[in-house]
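Presented below is the structure to which this report refers.
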Amino acid sequence: MNRPLSLVFLATLMLWMAGCAARGPLTEERADNVITYARIDTGRAVTVTLGPDLKYEKRVHREFMGTTVEGWLYRADDGTSVLVSSMDRRKFEDLIGRPIDAPRTGIKAYPPQTSWLPKLCQLVRAYVVSMDGDVVAAVKFGPQPDGECDGSVDDEAYMAAHLDEVAAFDRTAEREIALSW
């Protein structure tokens, strides 16, 4: 009598675990300034560690350039913020407007890239790691500009005119954001 009951319990437990795993192979866990994304099916993981000057603000769910972005938002006293997020590789490629050059399996880290986003009137620095069918990103946003910004200054013009500001922004981001896998 105990054996059939144990088998029913075991089968129920396995179905429940499979149901949880079916919600998506990528899990995320946040503990203060450390966020870890792991793939259930491959066992691979990417960990984002943020500096102590960044303070957790909230979980966000926003539309950004036509894509829904969910993630963890942190703020610094200097008016900058960092958003840590993951998304399906295809959604990420749609967001950036081009395919990424990573294999469909495995992990590939990209060099950090700083850009000026005219629509936001902000500097951004992105740290991106492709992990199998997903992408993990930590994006630092510069402070909101003082005064009015009409969005007419393109990336190249802004970067050329503000070399010192961009270099300082990059140095701060390097101190604040670390990714490991």
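Structure data summary
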item	result
Residues of the chain: accessible area per residue with a 1.4 Å probe, Å²	61
Cα→Cβ-extended label distance, 7 Å offset, between HIS61 and LYS119, nm	2.1
All lysines inside 18 Å of LYS108 as judged from Cα atoms, apart from same-chain residues fewer than 8 positions distant	LYS91
Extension gain (nm, one decimal) between ILE96 and ALA178, 0.36 nm per residue minus Cα-Cα	27.3 nm
Globularity ratio of segment 115-176, using Cα Rg and 2.2 N^0.38 Å	1.25
The chain: most fluctuating residue of GLY133, GLY97, GLY106 per GNM, C-alpha cutoff 10 Å	GLY97
The chain: proportion of alpha-carbon pairs further apart than 21 angstrom, %	56
Two-site FRET efficiency, CYS149 against ALA38, from Cβ-Cβ distance with R₀ of 35 Å, rounded to 0.05	0.35
Carbon plus sulfur fraction of accessible area for the chain, probe 1.4 Å, in percent	57
Added length on full extension, which subtracts the Cα-Cα distance from 0.36 nm per residue, ARG30 to THR47	5.2 nm
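The values are calculated or read from the model by the stated rules, or taken from the named source; none is laboratory data. Everything numeric in this text was worked out from a predicted model, so none of it was measured. Quick reminder, even Gly has a Cβ in these numbers, built from the backbone with ideal geometry, and neighbours come from all protein chains shown. These accessible areas exclude ligands, DNA and RNA; they are computed on the full protein's heavy atoms, side chains included. Shrake-Rupley method; radii C 1.70, N 1.55, O 1.52, S 1.80 Å.
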